[in-house]
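Reading through the structure tokens given below for one structure.
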Amino acid sequence: MGSRHSSLQRSVSLEMPRRIVIIGHGPAGRTAAGYASLTDRNAEITVLNASEHDVYHPCSLPFAIGGHVDLDAIVEEVHYRKVRLLNRTRATAIDPEARTVSAVGPDGEEMAFGYDALLIATGSRPVVPAAIESTDRPEVLTLRTPHDAAAIIERAGTARRAVVVGGSAIGLELSSELAGRGISTTLVEAETTLMPGRLDPDMSSAVERHLGADGVDVVTGCPVTAIRPADDDRAVLVRAGDR
């Protein structure tokens, strides 16, 4: 019995730990990393996080732009015991045959990570419809990260007019906060209701009235087709239809 037991111990101790690579450190990536470390205590878990921040709370970004909270307050550090978190490390390629992930580190160094299990949890990103022309202008911004919010705050310091394209929850909040800063703000949504698929027409109308009371001009059912410079070198929206 003793000899058989010691042989089993040697077999277990010589078994290679499972390599788990997670791409992305949003809510899904963080949850997966935490549960993986609990369910397989011997696993080597590596998280590739393109962001410079361990964690940030995207729903708070509009309120930071409005000046209600500081940007630093929506950023947190995460301390894992058995997870290697690599910030500012962007995955660039996956080789399923070799089971490796290629990545670029903070200083541009190329890196490779072998895996036995791979989870892609990169989350969402702002979508600029392909039909919109000329979005490569400094005053055309998207909102997803604290860095994006900082750029909007800087522009908002001197802006007189703003157009928010997209009537999502973030778009609604951002419009209200920009108007609260004294900026003439227009919210444009391609569908006929705000938060399409989530609000019925009655609720959408109620939200539109609330935004109007905040000073936001809401335009629905009007897709954006182009962004072009005006005479004063400010961007304007050219919208489909006759509105």
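Of the residues in region 39-78, how many are in contact with a strand residue (DSSP E or B) (Cβ under 9 Å, 6 or more places away or on another chain) and of a type outside the set (Ser, Thr, Tyr)?
So the first thing to find is which residues in region 39-78 are in contact with a strand residue (DSSP E or B) (Cβ under 9 Å, 6 or more places away or on another chain), and the list is 40, 43-57, 71, 74-78.
Then keep just the ones that are of a type outside the set (Ser, Thr, Tyr); that gives 40, 43-45, 47-50, 52-55, 57, 71, 74-78.
Summing the residues that are in contact with a strand residue (DSSP E or B) (Cβ under 9 Å, 6 or more places away or on another chain) and of a type outside the set (Ser, Thr, Tyr) in region 39-78 gives 19.
Within the bounds of region 180-200, is there any residue that is charged (D, E, K, R) and part of a helix (DSSP H, G or I)? Scanning region 180-200, I find no residue that is charged (D, E, K, R) and part of a helix (DSSP H, G or I), so the answer is no. If you go through region 71-105 and keep only what is at pLDDT 95 or above and part of a loop (DSSP other than H, G, I, E, B), you end up with Arg88, Thr89, Pro96, Glu97, Ala98, Arg99, Gly105.
The sole residue among Ile152, Ile74, Ile65 that is assigned by TED's automatic domain parsing to the domain that holds Gly171, touching a helix residue (DSSP H, G or I) at 6+ places or on another chain (Cβ under 9 Å) and crowded, with 16+ Cβ neighbours inside 10 Å is Ile152. Exactly one residue out of Arg99, Arg88 is among the basic types (Lys, Arg), under 27 Å from Pro27 (Cβ atoms) and touching a Pro at 6+ places or on another chain (Cβ under 6 Å), and it is Arg88.
When you look at Arg30, is it at negative phi, surrounded by 15 or more Cβ atoms within 10 Å (Cβ to Cβ), among the basic types (Lys, Arg) and not assigned by TED's automatic domain parsing to the domain that holds Leu178, yes or no? Full working, then the answer.
Values: at negative phi: yes; surrounded by 15 or more Cβ atoms within 10 Å (Cβ to Cβ): yes; among the basic types (Lys, Arg): yes; not assigned by TED's automatic domain parsing to the domain that holds Leu178: yes.
So Arg30 passes the test.
Considering region 228-243, the residues that are assigned to a strand (DSSP E or B) and not small (Gly, Ala, Ser) include one that is modelled with the lowest pLDDT, namely Val238.
Within region 206-227, the set of residues being loosely packed, with under 15 Cβ neighbours inside 10 Å and in a helix (DSSP H, G or I) comprises Ala206, Arg209, His210, Gly212, Ala213. Checked against (1) over 19 Å from Val140 (Cβ atoms); (2) among the small types (Gly, Ala, Ser); (3) modelled with pLDDT of 90 or more, Gly171 passes all but a single condition, namely (1).
With respect to (1) closer than 30 Å to Leu172 by Cβ; (2) in contact with an Asp or Glu (Cβ under 9 Å, 6 or more places away or on another chain); (3) loosely packed, with under 14 Cβ neighbours inside 10 Å, the lone exception for Pro106 is condition (1).
The values are calculated or read from the model by the stated rules, or taken from the named source; none is laboratory data. Every value quoted in this text rests on a predicted model; they were computed, and no experiment measured them. We place every Cβ from the backbone using ideal geometry, glycine too, and count neighbours over all the protein chains shown.
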